[in-house]
Amino acid sequence: MKIAFVGKGGSGKTTLAALFARHLAAAAVPVWAVDADINQNLAAALGASADFGCTPLGERLDELKEYLRGDNPRISSAAAMVKTTPPGRGSRLLRPFAPPRVLDGCVADIEGVALSVTGVFDEADLGVACYHSKVGAVELVLNHLIDDADEYVVVDMTAGADAFASGLFTRFDLVVVVCEPTLRSVGVYRQFVDYAADFDVTVRAVGNKASTVEDRAFLREHLGEVMITHLGVSRHVRSAERGCARPIDELEPRNRKSLAAIRAALDAVPRDWDRFTRQAVQFHLRNATAWANTRVGEDLADQIDPDFVLGSGTWLTTPEPVLSGR
């Protein structure tokens, strides 16, 4: 099951993504956390040291394209693959939790959570690149990933509406918008819902920093039934933010209950591989028309295999694992 955390900058989405990943790891289920935010803070939120040692996925993009292309006859070369290129018969698909060689070094174990990062937006990129070129590797991986219902992928997305600047937001079973009890934060949630409305994406909200009765009443009034749960101000989180991460079982019981509610909401979402494949094709065609055909010099609509549905067992190349198990 794949879940993304989005929200207004400062809403606590990175903190919540880290807490949720640690909650899953404590329950002894496999979890892969991916930092796809322009501000790469998920590792620190998980309690990793500054030198935790993880090659960014973006640095392996060329090798990843060559690997995923496999023997797919519709893809002329790895150079012709773009971030939205969908898999087809002959493509190599990925299974979570045991890596192919192409991703060696791209996964670090942080207290039972497998962590990958996209890479920072560095000085060489300023003025000449879009950050979404960094997350292209994540989009390709998720496009080719066959995960089971008891396997979890947790992605910390970019803040604000920028999370919708690529098709990455459609790659999840559930998108969670983290909302503070403020009109601005609730407004960002409504903006997200408007953006997602045409793409059949399941979007729910989680209240955060709800420390008073008034805070909780505000969130219930403005979010209603779409709010899965809420978390209050946490001394456990504040301690982690000061560099002293504590075991997840020391999180306040009310907040631990909220993490369990998020997992229950995610588990309740039906797996829909037809929708997932349809969305991948839709965004590939949009990108092909907008820029990719010109850049590659081919009609990239030809890369679409009309008889292929991800997860249906229609692939020709056996799916291979991505990450090593717990």
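Of note:
- For L145, nonlocal amide neighbours, meaning residues 5 or more places apart or on other chains whose placed amide H falls under 5 Å from its own, are L94.
- Listed by chain and number, the lysines whose C-alpha is less than 16 Å from the C-alpha of K65, apart from same-chain residues fewer than 8 away, are K83, K134.
- Charge dipole of the chain about the Cα centre (unit charges at C-beta), most positive-ward option of V206, V155, S49: V206
- Charging the Cβ of each Asp and Glu at -1 and of each Lys and Arg at +1, and nothing else, the dipole of the chain about its Cα centre rounds to 720 debye.
- Under 30 Å from K209, Cα to Cα: lysines that are on another chain or at least 8 residues apart: K2, K8, K13, K257
- The alpha carbon convex hull volume per residue for the range 181-233 rounds to 67 Å³.
- Net charge in the neighbourhood of S11 (other residues with Cβ under 9 Å of its Cβ; Lys, Arg +1, Asp, Glu -1) is +2.
- Counting all C-alpha pairs of the range 140-190, share separated by more than 17 Å (%): 44 percent
- Scaling the Cα radius of gyration of the chain by the globular reference 2.2 N^0.38 Å produces a ratio of 0.97.
- Among 88-95, 198-205, sorting by the average number of other beta carbon atoms lying within 10 angstrom of each residue, highest first, gives 88-95, 198-205.
- Ranked by the mean number of other Cβ atoms within 10 Å of their residues, highest first, the peptides 305-311, 258-264, 138-144 come out as 138-144, 258-264, 305-311.
- Percent of beta bridges antiparallel (DSSP, the chain, rounded to nearest 5): 10 percent
- With the highest mean first, a sort of the peptides 229-240, 13-24 on other beta-carbon atoms found within 10 angstrom per residue produces 13-24, 229-240.
Read the figures in this text as sums done on the coordinates, not as results from a lab. Quick caveat, the model's predicted, so the values are computed rather than measured. In this analysis, Cβ positions are derived from the backbone assuming ideal geometry, glycine residues included, and neighbour counts consider all displayed protein chains.
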